[in-house]
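The values are calculated or read from the model by the stated rules, or taken from the named source; none is laboratory data. These numbers come from a predicted model, not from an experiment. No Cβ is skipped: glycine too gets one built from the backbone with ideal geometry, and neighbour counts run over all protein chains shown.
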Amino acid sequence: MRHHWVLPLLAAGVGIAAASGARAAGQGPFIIPGIGPETEAAQPAPMPMPMSAPRRQRVATGGSGLGGGFLELIMTGRDPGPPAPVQAPEWRPARQPAYIEQQPRPEPRYQRAAYAPDAQPVSPVRGAIAAEFQRQEVDYRGPHGPGMIVVDTPNRHLYLVQGNGRAIRYGIGVGRPGFEWAGMKTVSRKAEWPGWTPPPEMLKRRPDLPRHMDGGPNNPLGARALYLGSSMYRIHGTNEPHTIGQNVSSGCIRMMNEDVMDLYERVRVGTRVVVI
């Protein structure tokens, strides 16, 4: 009689164990005799962890945020597929800083034409020039070697020595009285349809001259110019072909445009020029 409470307690224990087994087997809620349906103790809901901006973007776009690949397959059972390609940053060429000074370019030894007519200019007065001033190949017995230019001032001829006792002879215009000169020079520069800037000495004599004239058919330097050393003298064409064979210049050697263009193609920078 003292242990009359033991049997009811054992029966309750057996009922609890059976109900727990049924719950584990998925058979629904269990009932404790004398207590009623099981009520699970209320658990506090976990506080949501704040997501970083990249994770929010992955969730918003349907990504799992697990990094993809094998890890996502294990955790979620979904095959994420190949990872999205990473776009390389756009390549931009480096720009040269504006403060870097550009190196000055040396003066060209060959100057291309700013003015270039479609056809070579042909002088309308060539037929009127005496035969001795027409371009021709002649015998040459002088002391100067092949490739040299010889300016015969008294006879107003220019020779390009060819060798084998031959030379090409051109008619020229030379310096008027008081402007003759003689000496040895070299061709320091070549120019096609060169511009003309009268030297100060010429401007004193002729203040009416322009301070500069661009190259062209009206330019007094004509179609080509061969600059002689560092002097102000040149072998050049002319816009006054009727002056060939005369003493008319300020020391330069004038040639017809057709002749100076022919000479220009035959000589190079560094060619020696002797004026006698």
TODO: Take segment 262-276 and flag every residue that is among the basic types (Lys, Arg) and under 34 Å from the mean Cα position of the chain (by Cα).
DONE: Arg266, Arg268
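Matching residues to (1) closer than 14 Å to Arg176 by Cβ; (2) aromatic (Phe, Trp, Tyr); (3) modelled with pLDDT under 90:
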| position | (1), (2), (3) |
| --- | --- |
| Pro207 | no, no, yes |
| Arg211 | no, no, yes |
| Gly215 | no, no, yes |
| Arg224 | no, no, no |
| Tyr227 | no, yes, no |
| Pro241 | no, no, no |
| Ser249 | yes, no, no |
| Ile253 | yes, no, no |
| Asp259 | no, no, no |
Open item on the list: Every residue in segment 196-213 that is in contact with a Pro (Cβ under 9 Å, 6 or more places away or on another chain) and of a type in the set (Asp, Glu), please.
Closed with: none
- [ ] Read through the list (1) farther than 20 Å from Ala128 by Cβ; (2) in contact with a strand residue (DSSP E or B) (Cβ under 9 Å, 6 or more places away or on another chain); (3) of a type in the set (Asp, Glu), then give the number of the only condition that Asp259 fails.
- [x] (1)
Task: segment 219-261, subset in a helix (DSSP H, G or I) and of a type in the set (A, V, I, L, M, F, W, C), residue nearest to the chain's Cα centre (by Cα) - done: Met261
TODO: Report whether or not Val174 is over 37 Å from the mean Cα position of the chain (by Cα) and either part of a loop (DSSP other than H, G, I, E, B) or of a type outside the set (Lys, Arg) (or both).
DONE: yes
Open item on the list: Every residue in segment 162-171 that is of a type outside the set (Val, Ile, Thr), outside any loop (DSSP other than H, G, I, E, B) and either crowded, with 16+ Cβ neighbours inside 10 Å or touching a strand residue (DSSP E or B) at 6+ places or on another chain (Cβ under 9 Å) (or both), please.
Closed with: Gln162, Arg166, Ala167, Arg169, Tyr170, Gly171
Open item on the list: Any residue at all in segment 207-221 that's among the small types (Gly, Ala, Ser), surrounded by 18 or more Cβ atoms within 10 Å (Cβ to Cβ) and touching a His at 6+ places or on another chain (Cβ under 9 Å)?
Closed with: no
Open item on the list: If I ask for residues that are farther than 19 Å from Met148 by Cα and touching a residue at least 40 places away in the same chain (Cβ under 8 Å), which ones from segment 220-239 would you list?
Closed with: Ala223, Thr238
Open item on the list: Every residue in segment 134-161 that is assigned to a strand (DSSP E or B) and exposed (fewer than 15 other Cβ atoms within 10 Å of the Cβ), please.
Closed with: Gln136, Glu137, Val138, Asp139
Task: Filtered residue count, segment 173-187, keeping only those that are out of contact with any helix residue (DSSP H, G or I) (no Cβ under 8 Å at 6 or more places or on another chain) and either buried (at least 16 other Cβ atoms within 10 Å of the Cβ) or at pLDDT below 95 (or both) - done: 10
Open item on the list: Condition first: among the charged types (D, E, K, R) and in a loop (DSSP other than H, G, I, E, B). Now tell me which residues in segment 177-208 satisfy that.
Closed with: Glu180, Arg206, Asp208
